[in-house]
1. Order the following by accessible area, largest value first: ASP96, ASP225, ASP33. Probe radius 1.4 Å; ligands, DNA and RNA are ignored.
2. Given the whole protein assembly as supplied and a 1.4 Å probe, what does the accessible area of GLU67 come to in Å², nearest 10?
3. Using the Karplus equation 6.51 cos²θ - 1.76 cosθ + 1.60 (θ = phi - 60°), what ³J(HN,Hα) coupling, rounded to whole Hz, does each residue of the stretch 84-93 give in order, writing x for Gly and Pro?
4. Compute the distance in nm between two label points, each set 7 Å from the Cα along the Cα-to-Cβ direction, one at ARG18 and one at ALA353.
5. What is the local net charge at ARG164, summed over the other residues whose Cβ is closer than 12 Å to its Cβ (Lys, Arg +1; Asp, Glu -1)?
6. At each listed q (0.11, 0.14, 0.25 Å⁻¹), what is the log10 of I(q)/I(0) that the Debye formula gives for the stretch 46-133 modelled as equal alpha-carbon point scatterers?
7. So for THR215, THR130, THR197, what's the accessible-area order with a 1.4 Å probe, most first?
8. Once the whole set of protein chains is in place, how much accessible area is left on GLU148, using a 1.4 Å probe, in Å² to the nearest 10?
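The values are calculated or read from the model by the stated rules, or taken from the named source; none is laboratory data. Keep in mind it's a predicted model, so treat the numbers as computed, not measured. Counting neighbours? That spans all protein chains shown, and the Cβs are built from the backbone with ideal geometry, glycine included. Only protein heavy atoms, including side chains, enter the accessible area calculation; ligands, DNA and RNA are left aside. Shrake-Rupley method; radii C 1.70, N 1.55, O 1.52, S 1.80 Å.
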Amino acid sequence: MSRLSAEDRQAVEQALRRECGISLAANLVDTLDGALHRAAAELKLTPQVLLANVRSGDRRGLEALLEQARVGETYFFRHPEHFDVLQKELATSLSDGARPRIWSAGCASGEEVYSLAMALAEVGLLEGATLLGTDVSEVALEQARKAEYGSWSLRSLEGERRQRFFQGELPAQVDRAVTKHVSLKRHNLVADGPPLTGCDAVFCRNVLIYFEPETVEKVLATLVDALRPGGLLVLGPAEAGLGDELPITWIELGRTLVARKRDGKRPATSRTRVTRPKTIAPKPAVRPRSTQTTRARPATTSRAKPPTEDSFQRALAAAREGREAEAEALAREVGECELRPEAYLLLSMLAEARGELRAAIDAARRALYLDQKLAMGHAALASLLRRSGQAAAAAQARRNALDLVQDLPDGAELSSVEPITAGALRAALHEPGDPPRDWRGRGNVR
């Protein structure tokens, strides 16, 4: 696959920013190469013609490129602890007769916003509720409006929910009793203001990883503006702890971090109620000591195509030998073409070695977006967040890593950039005052 020139890549990025408000994080810009070629194939155009169309602001070309640039990894009741927290919070916080107002920002093909509706139905709060799902992609919204889903989207649903809320065989149709309560509209998180205000909760999970840091701050402000005082902001597990300058307090509810909008009456010193020990997480090595990489990986990891081990090994070899530019280019190619989380973990290490802490955090979060069960991803993120002063989020990431390895024997090898065992990671993450080891399966990855 031919690569875009730096000039062409910049032109594509500028067109996306100008027409769609999309401002990609630094570690994702190179994914535009593959996205452009896939979009061109979809439209039956050559990449050169599509590039010219995109540069001129052609809406159809931009929409196809946007659809190919995003990773549509979503399914019903993803991160179920978030829905548990919402149900318990609304059951106790809503005044008599009040009905919930919830915004699902970046709802993609609809699984999240329909999951929210189902969660409300289970606690008797769906009738009269306001539920809005928004996304910048009209293609994704059209899929959401059809409300038809296959086995991949339904893979985490329990039998009772499947029977109660869906009709027919695969592709299964979300029941009209659910869809009639959900509104869907196009909305640009970067360019547009809040489409709904006074919200009891705003869900925007695994979306912020697409944006550069300055854009993240702007989008977070929009999300917080949509909340009523006391309302909850729910982000993805790798995004928790952001928004230091905003009127939100990160709190621990149901073993997960969510943000509550302050009402202006609390003193600034009460920013957080999370009181865990200071995080000490392992600092990832930049140049791995071995050419071996573990191949074990959770079954939920998704890829565009089977891995090319030779490409990843060449990236590792280049990193060991100090050829960091080559290592970064190879790792980006592997991450782009295969959606391989370890490639983004390597990119995080390289960025950290250059002193680019924000880029390192972005890449680590990208790795966890692709595989939320990557224990070394959580451990690396814990270290990076601690260094950036985000103590509560670092403590959460550390605990996520420990939860993932708590049932594994000491000698079990983990997926990572360099070989590491579960026992070694536990030892590296251990802190004075930690409770005795108990590997009886109480963990719940967030």
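1. If we order ASP96, ASP225, ASP33 from most to least accessible, we get ASP96, ASP225, ASP33.
2. Per-residue accessible area (GLU67): approximately 40 Å².
3. 4, 4, 4, 4, 5, 5, 5, 5, 9, 9
4. 3.7 nm
5. -2
6. -0.46, -0.61, -1.21
7. Result of the area sort, largest leading: THR197, THR130, THR215.
8. Looks like 100 Å² after rounding.
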